[in-house]
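J.: Please read through the structure below; I'll follow up with questions.
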Amino acid sequence: MNISSEKSKNMNTDFEAVRLENPDGTSPVLLICEHASNHFPPQFNGLGLSQEVQQSHVAWDPGAYAVMQRMGEILDAKMISGGVSRLIYDCNRPPEAVDAVPVKSEIYDVPGNRELSVDAYMARVSQCYTPFHKQVAQAISWAKVPPVLVTIHSFTPVYFGEKRATEIGILHDEDSRLADAMLAHAEQMSAMKIERNEPYGPEDGVTYTLQRHGIEHKLLNVMIEVRNDLIKTEAQQDEMAQLLSDMVQRALNTLDEISAGEAS
């Protein structure tokens, strides 16, 4: 599979800030995984976190990248993913967001993010946020047909001690066209608990990528959240990728039919 990356320089260490895979994919779908990696480049000293926390859901979205890759193969879609932990910089947040570089994530303090100078904060922006969103913007501007933005995330089954019943969340901001079409087919396609804007919604600040690149350009867009205990194994990831790919494709077919009917 074709892979390219944009590296960010800090002191004497390079790191991959963003990765583009399958750039010649034929599908209009552009898959995005902002929280694909829990990589902590050496210069960040693990942000003072234990290895256990660095491996946990607060550092990344476990399973999301693998699901995105399999969806990319099924759909023959272009894929863009982040290359470092979201605790270094959360690429699904704008620089002005208070949780773009969090000092605490769920129950975990993040010592390496405390009392950052303006220069240190802006370095994170230039190293992580800027190349990531530049890559997304380029993929959109270079596309031969208007892309369909689909962002892939996972969420923990227990949050602040509370169990979550949602298994798949179909999230949207003010443009709900693709989400509506996916949800219309959901019950027929799976017995899983699939819900709108759960376990998060736009009020939680999670739809930034959709807003900046989808809504701004009037592109079809949706954010998919999968409970991470459902995508632990390769078999689970394959099964989930197939289901989500089928849901997206069926929804796009429905929207095409509606558009054709309105035009006739």
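J.: Helix 64-75 sits at what angle to the longest principal axis of the chain, using alpha carbons and giving 0 to 90 degrees rounded to 10?
T.: Helix 64-75 sits roughly 30 degrees off the main axis of the chain.
J.: Related question: Note down the Stokes-Einstein diffusion coefficient of the range 120-264 in µm²/s, whole number, using a Kirkwood radius over alpha carbon pairs, 4 °C, and 1.567 mPa s.
T.: Details: Rh = 16.6 Å.
Estimated via Stokes-Einstein, D reaches 78 µm²/s.
J.: So, one more: So how far apart, in nm, are the two label points at residue 263 and residue 174 if each is 7 Å from Cα heading toward Cβ?
T.: According to this spin-label approximation, the distance is 2.6 nm.
J.: Sticking with this one: Between residue 226 and residues 5 or more places away or on another chain, which pairs have amide H atoms under 5 Å apart, with H built 1.01 Å from N, and which residues are they?
T.: When sequence neighbours closer than 5 places are left aside, the close amide H contacts are 153, 154, 155, 169.
J.: Note the full-extension length gain between residue 118 and residue 191 as 0.36 nm times their separation in residues minus their Cα-Cα distance, in nm to one decimal.
T.: Details: separation 73, 0.36 × 73 = 26.28 nm, distance 4.86 nm.
So the chain would gain 21.4 nm between residue 118 and residue 191.
J.: Which residues does a label at residue 184 reach in the range 242-264, if reach means a backbone N under 13 Å from a point 7 Å past the Cα toward the Cβ?
T.: Counting only backbone N, you get 250-262.
J.: Also, I was wondering about something else. For residue 29, what residues show an amide H to amide H distance below 5 Å, using hydrogens built from the backbone and excluding near sequence neighbours?
T.: For residue 29, whose amide H was placed from the backbone, the distant partners under 5 Å are 148.
J.: Moving on. Residue-wise, which Karplus ³J(HN,Hα) couplings in Hz belong to the range 173-185, taking 6.51 cos²θ - 1.76 cosθ + 1.60, θ = phi - 60°, and x for glycine or proline?
T.: My calculation for the range 173-185 gives 9, 5, 9, 10, 4, 6, 4, 4, 5, 5, 5, 5, 9 Hz in order.
J.: Just subtract the alpha-carbon distance of residue 160 and residue 103 from 0.36 nm times their residue separation and send over the number in nm, one decimal. Mind showing how you got there, number by number?
T.: On the way: separation 57, 0.36 × 57 = 20.52 nm, distance 1.66 nm.
The residue 160-residue 103 span can extend by a further 18.9 nm.
J.: Sticking with this one: At a Förster radius of 25 Å, what calculated FRET efficiency corresponds to the Cβ-Cβ distance of residue 242 and residue 26, to the nearest 0.05? Walk me through the numbers before you get to the answer.
T.: On the way: r = 19 Å, r/R0 = 0.74.
Once the sixth-power term is evaluated, E becomes 0.85.
J.: Work out the P(r) tail for the range 3-263: percent of alpha carbon pairs separated by more than 27 Å, whole number.
T.: When all Cα pairs of the range 3-263 are counted, 34 percent exceed 27 Å.
J.: Let me ask something else about it. How big is the range 92-146 by Rg and Dmax over its Cα atoms, in Å?
T.: 14.6, 45
J.: Another question about this same structure. Return a whole-number percent for the relative contact order of the chain, with Cα pairs under 8 Å and 6 or more residues apart as the contact set.
T.: Working: 504 pairs, mean separation 56.0, N = 264.
Rounded, it is 21 percent for the chain.
J.: For the pair residue 39 and residue 125, how long in nm is the line joining their label points, each one 7 Å along Cα→Cβ?
T.: Each label point is offset 7 Å from its Cα along the Cβ direction, giving 2.4 nm.
Rule-based calculations on the coordinates, nothing more; no lab input. Since this is a predicted model, take the numbers as computed values, not measurements. Using ideal geometry, Cβ is built from the backbone for each residue, glycine included, and neighbour counts are taken over all protein chains shown.
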